[in-house]
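*Asks:* Here you go, one structure.
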Amino acid sequence: MFSVLTHPLYELEAQGTRIAAARQEAKLAGLSLVINARIDTYLFQVGEESIRLQETLRRARAYLEAGADSIFVPGVIEPDLIQTLVCEIPGPLNIMVAPGAPLVPELFKLGVARISIGPAAMLATMGLMREIANELRAEGTYEQLTQHAYGIGDAMRLFREK
């Protein structure tokens, strides 16, 4: 079984082969497919810090050459590093926003093409659910439910056919 802890990245050649195969199959099927190749060198702090940038750039170039449309480098929030990635990667860069990252307008000014929130919305929802449960248990009240209410009518409209 593949574990991100023991094998955080596929071998470069294997990942390039996978990207090229996906691109070829999409082409054969007549599909418009966007391949946003993810490089987790920073998210999982893969390798020595002194060579992490070079490995990220090496992978980015190879993945674009293999057929990726853009490069996703989660775990990067430092503006100087983001700027370097934008300048050195010959394709669009996708960044995952996180606490401490530049604000979205600044990311776009730096040249980031796309932003992702990753699991942040789900984790924020879980945090709110924890607060609701703690309030119900400790106080017997439901103010958190009132403050963050989303109307049932609004929710039902999300599933209506247009």
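*Asks:* Going by what's in this entry, would Gln15 be described as free of Cβ contacts under 8 Å to residues at least 12 places away in the same chain and assigned to a helix (DSSP H, G or I)?
*Replies:* no
*Asks:* Just checking, which of Ala62, Ala124, Ala101, Ala66 is free of Cβ contacts under 8 Å to residues at least 24 places away in the same chain and out of contact with any Cys (no Cβ under 9 Å at 6 or more places or on another chain)?
*Replies:* Ala124 is the lone residue from the list that is free of Cβ contacts under 8 Å to residues at least 24 places away in the same chain and out of contact with any Cys (no Cβ under 9 Å at 6 or more places or on another chain).
*Asks:* Scan region 50-79 for residues that are farther than 25 Å from Glu106 by Cα and surrounded by fewer than 18 Cβ atoms within 10 Å (Cβ to Cβ) and report the count.
*Replies:* 6
*Asks:* Just to check your reading of the model, which residue among Ala133, Ala138 is over 26 Å from the mean Cα position of the chain (by Cα), among the small types (Gly, Ala, Ser), farther than 28 Å from Asn94 by Cα and surrounded by fewer than 11 Cβ atoms within 10 Å (Cβ to Cβ)?
*Replies:* Working: Ala133 fails: surrounded by fewer than 11 Cβ atoms within 10 Å (Cβ to Cβ).
Testing whether each residue is over 26 Å from the mean Cα position of the chain (by Cα), among the small types (Gly, Ala, Ser), farther than 28 Å from Asn94 by Cα and surrounded by fewer than 11 Cβ atoms within 10 Å (Cβ to Cβ) leaves just Ala138.
Computed from the coordinates by the stated procedures, all read-outs in this text should not be read as laboratory data. As the structure is a prediction and not an experimental result, all values here were calculated from the model. No Cβ is skipped: glycine too gets one built from the backbone with ideal geometry, and neighbour counts run over all protein chains shown.
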